[in-house]
Structure formats: C-alpha cells, structure tokens
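K.L.:
One structure, as structure tokens, below. Some questions next.
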Amino acid sequence: MTWYLGITTTRLIAPRPGAEKIRGEFAVEQQLRDLGIEAHAPRRVTFVRSGKKRYAEAQVGAYLPGYVFADIPAHLYMDAASCRGLSRTMMAIPLKEVQNQVQTFIATAAEEEAEADRIQARSDRAAMSQFNSGDALEIISGPFMEQAVEFQRMVQNAEGWPEIIGNASLFGQRVRIRIDPLDVRRAG
C-alpha cells in the first residue's frame, strides 16, 4: 500500500447521497473510509467566543485545509480517485516520510482533538477560554476602562456567569480584579 496526500475541496459537500453536508476534507475522509481505506483529515478544535456570547464554543476545522492523507491499496486507487470532492491528482508520500512525519502529525492532531473532546464533555468553561494565563488584556468598558489586565483564570460567579480573574495595576499597587468577559479584549 502507498500513502498519498490528496487535494480536496473545502466547500461543504455530502459524503453520500442524502447525507448532511460537511466540510470537503471530512466528506472525502468519510468516503475513503467507506471504501475500507485508512484516511485522515486531522481536525483542529478551537474554542471561540463570538459576538456577545459569554462562553466560548467549539469550532471544528481542518488542520490542513484542502488536504487528506490516505493509505490506498493499488486495487482501490481508481475507486478512491473517484471520491466526490477529491482531486484526481494525489501525491505519493515516501514510506520514510510517512513513518517519520505523517504518522507523528496524525497522532499529535488526534491527541489534541481528544483533549478538546474531554474539555467539552466536562463542560470545562475555564479550559474553553480563549485566553491563556499571563495574556495581556485591555478593559474596554466599565469602571476600569482602558486599564491593562493580566489574565489569570476564568471562574463562575454566584449567578452562574463567567468572570475573568486578573491582575491589574491600580493606584501604584498590583490588585486582583474580577471582570465580565464581555468587557475585555486581547491587548493589541
């Protein structure tokens, strides 16, 4: 068998007739797996808070947009090449590169995806935060407007809403403050 790097569409397509449309890389991966071919379109899960939402939500994207790795046996090559959304031009990957880099990359991406799944399963809002400990934030509204804050962690207040705990310099002293996530942005 030979490993290939296939070029895929990034548009939404259905992996089979009547199925829900999904990203092209994932649809091609599903079609190849349906043929019994080992295929990988590594996923990157990021937690993003958009608009006025208080909590970050998981967004799944492709680690390598427009590409899929597949270990295609010679007798299934033509069936694989006819998958919807997959370019007929595929690059063969030398076995040494597969062992040294491709499999390591696939395993690392799978570990990251599994960790993101664990975070979602636990509903760990702090881990879903788009900020990391030590990040510089700017307060954009409220009584401490235009102050710089060093992000420490995300907690839930008594009402169940998220709050950011951070360190700020006020009146010449370093103080710990609690801020609504809607009142801050990453310092630019």
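The values are calculated or read from the model by the stated rules, or taken from the named source; none is laboratory data. What you see is a predicted model, and the numbers here were worked out from it, not measured in a lab. Here the Cβ positions follow ideal geometry from the backbone for every residue, glycine too, while neighbour counts run over all protein chains shown. The protein model used for the area step is the full one, side chains on, heavy atoms only, and it has no ligands, DNA or RNA in it. Shrake-Rupley method; radii C 1.70, N 1.55, O 1.52, S 1.80 Å.
K.L.:
Give the long-range amide H neighbours of Gln147: residues separated by 5 or more places, or on another chain, with amide H under 5 Å away, using H modelled in the peptide plane at 1.01 Å from N.
P.N.:
Amide H neighbours of Gln147: Ile139.
K.L.:
Could you give the radius of gyration (one decimal) and Dmax (whole number) of the Cα atoms in the range 50-125, in Å?
P.N.:
My reading of the Cα-based Rg and Dmax gives 17.3, 53 Å.
K.L.:
Calculate, for the chain, the solvent-accessible area per residue in square angstrom, rolling a 1.4 angstrom probe over the heavy atoms of the protein chains. Before the final figure, lay out each step's value.
P.N.:
Details: 11150 Å² over 188 residues.
About 59 Å² of surface per residue is accessible.
K.L.:
Debye calculation, C-alpha points only, no solvent: report log10 I(q)/I(0) for the range 24-65 at q = 0.19, 0.23, 0.33, 0.34 Å⁻¹, in the same order as the q values.
P.N.:
These q points yield log10 I(q)/I(0) values of -0.63, -0.75, -1.04, -1.07.
K.L.:
In addition: HN-Hα J couplings of the range 133-148 from phi, Karplus 6.51/-1.76/1.60, θ = phi - 60°, integer Hz, Gly and Pro as x?
P.N.:
These are the phi-based 3J(HN,Hα) values: 3, x, 5, 8, 10, 10, 7, 9, 7, x, x, 9, 3, 6, 8, 8 Hz.
K.L.:
What's the angle, to the nearest 10 degrees (0 to 90), between helix 103-122's Cα axis and the longest principal axis of the chain?
P.N.:
The two axes meet at around 50 degrees.
K.L.:
Based on the mean of other beta carbon atoms within 10 Å per residue, what is the order of 8-18, 177-187, most packed first? Intermediate values should be presented prior to the final figure.
P.N.:
Values: 8-18: 14.0, 177-187: 15.9.
Going by the mean number of other Cβ atoms within 10 Å, highest first, we get 177-187, 8-18.
K.L.:
Any idea of Phe105's accessible area? Nearest 10 Å², probe 1.4 Å.
P.N.:
Around 60 Å² of this residue is reachable by solvent.
K.L.:
What list of whole percents do you get for P(r) of the range 1-113, with Cα-Cα distances grouped in 5 Å bins up to the one holding the largest distance?
P.N.:
Taking every Cα pair in the range 1-113, the percentages come to 2, 12, 20, 22, 19, 12, 6, 4, 2, 1, 0.
K.L.:
Further question: Could you work out the relative contact order of the range 29-118? I mean the mean sequence separation of Cα pairs under 8 Å and 6+ apart, divided by the number of residues, in percent.
P.N.:
Here the relative contact order equals 32 percent.
K.L.:
When the Karplus curve 6.51 cos²θ - 1.76 cosθ + 1.60 is applied with θ = phi - 60°, which whole-Hz ³J(HN,Hα) does each residue of the range 181-188 get, with x for Gly and Pro?
P.N.:
Each residue's phi maps through the Karplus curve to give x, 6, 9, 10, 8, 5, 5, x Hz.
K.L.:
Let me know the Rg and Dmax you get for the range 64-188 when you use only its Cα atoms, in Å.
P.N.:
23.4, 74
K.L.:
Another one. May I ask for the angle, rounded to the nearest 10°, between helix 24-34 and the longest principal axis of the chain, with both axes built from Cα atoms and the value confined to 0 to 90°?
P.N.:
50 degrees
K.L.:
Using Cα pairs under 8 angstrom and six or more residues apart, how large is the relative contact order of the chain, in percent?
P.N.:
Result for the chain is 20 percent.
K.L.:
Next question, about the same structure. What does the charge add up to near Ala109, with Lys and Arg as +1, Asp and Glu as -1, over the other residues with Cβ less than 9 Å from its Cβ?
P.N.:
Cβ neighbours under 9 Å give a net charge of -1.
K.L.:
For the chain, give the share of DSSP beta bridges that are antiparallel, in percent and rounded to the nearest 5; count only bridges with both residues there.
P.N.:
On the way: 42 of 42 bridges.
About 100 percent, rounded to the nearest 5.
K.L.:
Further question on the same structure: Normalised by the number of residues in the range 97-188, what is the relative contact order in percent for Cα pairs under 8 Å and 6+ residues apart?
P.N.:
Answer for the range 97-188 is 21 percent.
K.L.:
How do 68-79, 90-101, 159-170, 26-37 rank on mean C-beta neighbours within 10 Å, highest first?
P.N.:
Descending mean neighbour count gives 26-37, 68-79, 159-170, 90-101.
K.L.:
Can you tally the net charge around Ala70? Count Lys and Arg as +1, Asp and Glu as -1, for every other residue whose Cβ sits under 14 Å from the Cβ of Ala70.
P.N.:
Spelling it out: positives minus negatives among the neighbours equals -4.
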